[in-house]
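One structure is given below, encoded as structure tokens.
The values are calculated or read from the model by the stated rules, or taken from the named source; none is laboratory data. Remember, predicted model here, so these are calculated numbers, not experimental data. Cβ placement follows ideal geometry from the backbone for every residue including glycine, while neighbour counts extend to all protein chains displayed.
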Amino acid sequence: MNYYSLNKQAPNTSFKDAVIKGLAPDKGLYFPESITPLGKDFFEKIDNLSYSEIAFQAIKQFISPEIPEDILKTIVNETLSFDFPVVKLNNNISTLELFHGPTMAFKDVGARFMARCLGYFNKDNNEEVTVLVATSGDTGGAVANGFLGVKGVKVVILYPSGKVSDIQEKQLTTLGQNITALEVNGTFDDCQTMVKTAFLDKELTSKMQLTSANSINVARWLPQLFYFMFAYKQLHNTYKDIVFSIPSGNFGNICAGMMAQKLGLPVKHFVASNNANNVVTRYLISELYEPKPSVQTISNAMDVGAPSNFIRIQEIYKNEFKTLKENMSSYSFSDEETKEAMLEIYNDCNYVADPHGAVGYLGCKAHLKENPNAHCVFLETAHPTKFLDVVEEVIKNKQPLPEQIEAIMDKKKVSIIVNNYAGLKSYLLT
Ligand SMILES: N[C@@H](CCOP(=O)(O)O)C(=O)O
């Protein structure tokens, strides 16, 4: 499969090059040249397919022929070594738990998949690749874990100082080896801008091979489409009109869901559920796309002011505002509303949701008001104990720590403070 740049000023390139470059030379995000639907048969027989078989069938057209099918099968199998259960909360709302991986956030799948693709492309290559990542909380830990010890790959994670949860910070600052954490005095958007600037810095790129492990990288972004298929497999015999409410920050996850729909997955509607960082909610009202600096919230992984993947969503809907609006709604919720929702879910459904999941739940409720016959699935994108303080404060109940979290609690944080792009560049050059 070849990929083109959404800025349309760079040559088309192969999957391998798109993964190794991360971002196109014209600063555009890569997008596949074609999307071939999987066919009715695939969805009719989905009950007989394992998660790995579903994932392999769904992604192979985007990867072939650069990774041979037998290797791709192994990559998919190794990536998906944990579960993706749907939990029914009531007749209209379920949640898809995406936190059963090593760092307990949905980013584990993309990070593990990309690490293995890069490992494969790098196997006969002596040049080291430096993976730059900006994180508002969950990507950093997942990438650190997924790339730990991968031969020929050095990972540099930029995170906004004081704006990620304690556990998220431990996950991205304590592993050592080929992983370095840079603590930035600024917001996630500052981190993301620094990363994108580095890709275009000729002095840097002439001295090192840089790539990204954010969802701007196609190998991190595309595997997220698996989730929507896994939920469909679990629900389609019971519910016909399946709607997904996706807690959204950089919009990679919802955009991957739209790719699943393009592959033929019967999805009735998407809801982009936002916290106060609501550039897309405002866009759907005014048709004006006006990114703003992000503000800090209790659902911090969604504290993104200028979502990178919105341009991919516009490409999927051919820049037609009306078609996008028919397929996607968006709502924005305050921290107070999020806390109330966490308590409601706990009291009414006996379920502990994290703040991001709670925003997704509120998106479901808003959609169901107008569409009472739908079944809405909100994505529980991270485990509640990653946000221990706020969760325990709201539900007034002490939470047991899962073993993945317990294992890092006593580890020592190691980070390097960086104040601006010059600081990042000087770190990379030394
Ligand atoms: N929500 C993210 C922000 C970066 O998103 P990504 O999917 O593009 O990596 C985070 O948790 O870091």
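Can you find a residue in the stretch 173-182 that is of a type in the set (A, V, I, L, M), within 14 Å of the ligand (Cβ to nearest atom) and within 22 Å of Met104 (Cβ to Cβ)?
yes
Could you grab the pairs with beta carbons closer than 8 Å, sequence gap of 6+ or different chains, first residue in the stretch 189-215 and within 19 Å of Val418 (Cα to Cα) and free of Cβ contacts under 8 Å to residues at least 60 places away in the same chain, second one within 16 Å of the ligand (Cβ to nearest atom) and part of a strand (DSSP E or B)?
Going by the 8 Å Cβ cut-off, the qualifying pairs are Asp190/Pro160; Asp190/Val184; Cys191/Ala134; Cys191/Leu158; Cys191/Tyr159; Cys191/Pro160; Cys191/Val184.
Mind checking whether some residue in the stretch 78-87 is surrounded by 15 or more Cβ atoms within 10 Å (Cβ to Cβ), at pLDDT 95 or above and touching a Ser or Thr at 6+ places or on another chain (Cβ under 8 Å)?
Yes, the stretch 78-87 has at least one match.
Out of everything in the stretch 41-77 that is hydroxyl-bearing (Ser, Thr, Tyr), more than 21 Å from the chain's Cα centre (by Cα) and surrounded by 13 or more Cβ atoms within 10 Å (Cβ to Cβ), what residue ends up being nearest to Asn237 (Cα to Cα)?
Thr74
Mind listing whichever residues of the stretch 228-256 are within 13 Å of the ligand (Cβ to nearest atom) and assigned to a helix (DSSP H, G or I)?
If the condition is that a residue be within 13 Å of the ligand (Cβ to nearest atom) and assigned to a helix (DSSP H, G or I), then Gly252, Asn253, Ile254, Cys255, Ala256 are the ones that fit.
Restricting the search to the stretch 408-430, which residues are at pLDDT below 95 and surrounded by 14 or more Cβ atoms within 10 Å (Cβ to Cβ)?
Scanning the stretch 408-430 gives a single hit, Ile408.
In the stretch 368-400, which residues are surrounded by fewer than 24 Cβ atoms within 10 Å (Cβ to Cβ) and in contact with a strand residue (DSSP E or B) (Cβ under 9 Å, 6 or more places away or on another chain)?
Leu368, Glu370, Asn371, Ala374, His375
Looking only at residues in the stretch 98-136 that are surrounded by fewer than 18 Cβ atoms within 10 Å (Cβ to Cβ) and among the acidic types (Asp, Glu), which one is nearest to the ligand (Cβ to nearest atom)?
Of everything passing the filter in the stretch 98-136, Glu128 is nearest to the ligand (Cβ to nearest atom).
Could you give every pair whose Cβ atoms fall below 7 Å, whose first residue belongs to the stretch 245-262 and is free of Cβ contacts under 8 Å to residues at least 60 places away in the same chain, and whose second residue is of a type in the set (Phe, Trp, Tyr) and more than 9 Å from the ligand (Cβ to nearest atom), counting only separations of at least 6 or pairs across chains?
Gly257/Phe228; Gly257/Phe244; Gly257/Phe270
Across the stretch 137-165, what is the total count of residues that are away from the ligand (no atom under 13 Å from the Cβ) and within 16 Å of Met302 (Cα to Cα)?
2
Just give me the residues in the stretch 279-335 being assigned to a loop (DSSP other than H, G, I, E, B), under 24 Å from Leu6 (Cβ atoms) and of a type in the set (Val, Ile, Thr), in sequence order.
Answer for the stretch 279-335, where residues must be assigned to a loop (DSSP other than H, G, I, E, B), under 24 Å from Leu6 (Cβ atoms) and of a type in the set (Val, Ile, Thr): just Val304.
If I filter the stretch 260-279 down to residues being within 16 Å of the ligand (Cβ to nearest atom) and farther than 13 Å from Asn327 by Cβ, which single residue comes out as surrounded by the fewest Cβ atoms within 10 Å (Cβ to Cβ)?
Per the criteria, the residue is Ala276.
Looking at (1) over 16 Å from the mean Cα position of the chain (by Cα); (2) among the polar types (S, T, N, Q); (3) surrounded by 20 or more Cβ atoms within 10 Å (Cβ to Cβ), can you tell me which one Asn253 breaks?
Every listed condition holds for Asn253 apart from (1).
From Leu89, Leu29, Leu96, which residue is under 22 Å from the mean Cα position of the chain (by Cα) and under 23 Å from Asp241 (Cβ atoms)?
One residue alone meets the criteria, Leu96.
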